[in-house]
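Note sheet for the following structure.
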Amino acid sequence: MLRYTTCLLMITAMMMLLAACASEPQCESCDVAGPADKQPAVGETIALFDGKTMGNWKSTQFGGEGEVHIEDGNLILPFGSMMTGITWKGEPPVKMNYEITVEAQRVDGNDFFCGLTFPVGDKFCSLICGGWGGGVTGLSSLDGYDASENETSTWQDYQAGKWYTIKLRVEPTRIQAWLDGKQIVDQDIENRRIGIRVEVDPSRPLGIASYGTTAAIRKIELKKLK
């Protein structure tokens, strides 16, 4: 009787252990987005890239794009015939009242290494860093005018191989952006027509692209604001 009870207890323990193992991820390299799958709470920052997998990102189908891959913990956007990029699959975690921070660098080339397309409620806009010869930075588009033509346009001296921290804040009446802590965009968008260039339509609803340039991305984070 004692032997039978002992065997029964061992079998029960093994079944509980197997059930617990089945509930855990089977490998660290599985293509899962982790924290980015959930809706962030107000004030919470979530990582949209873990340095290991594409997670909830997919290669943007521009046509002629380079092969996006992960190298040494960085997302690499290689040269394409036009643009190479990544696009968020499905609905973005938030569409308004948020900040997104990207750490990116121009590895090679002379055009924009970070074309960040983002939602503004039910509309979309892009923050271009390093376009039109390598330095033009601003929003595309405002009232149909792109970053080289509207009042957000500035020239920044981007150096190849240097990491830059780009932070974007989107609120109902204002879009702001910072480059390495220095504010570069502070734009009132009330009564303004927000849009994107047709070339970056495939980047919607949230995406990052490079043009004629190999770019590297090592961090993408999103914070929901009050």
- List the residues whose amide H sits under 5 Å from the amide H of Gln156, counting only those 5 or more places along or on another chain, with H placed 1.01 Å from N in the peptide plane. Val136, Thr137
- Query: Roughly how many Å is it from the Cα centre of segment 146-178 to that of segment 56-92, as a whole number?
  - Reply: 20
- Hey, which aspartates and glutamates would be in cross-link range of Lys224, C-alpha to C-alpha under 18 Å, not counting anything within fewer than 8 residues on its own chain? Asp37, Glu44, Glu91, Glu99, Asp122, Glu171
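Ratio of alpha-carbon Rg to the 2.2 N^0.38 Å globular estimate for segment 34-224, to two decimals, please.
Working: Rg = 15.0 Å, N = 191, 2.2 N^0.38 = 16.2 Å.
Expressed relative to 2.2 N^0.38 Å, the Cα Rg reads 0.92.
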- Extension gain (nm, one decimal) between Asp122 and Met96, 0.36 nm per residue minus Cα-Cα: 8.5 nm
- Message: If I stretch the segment between Thr173 and Ala41 completely, what's the gain in nm (0.36 nm per residue apart, minus their alpha carbon distance), one decimal?
- Response: 45.4 nm
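Just so you know, all these numbers are worked out from the coordinates, no wet-lab data involved. Quick caveat, the model's predicted, so the values are computed rather than measured.
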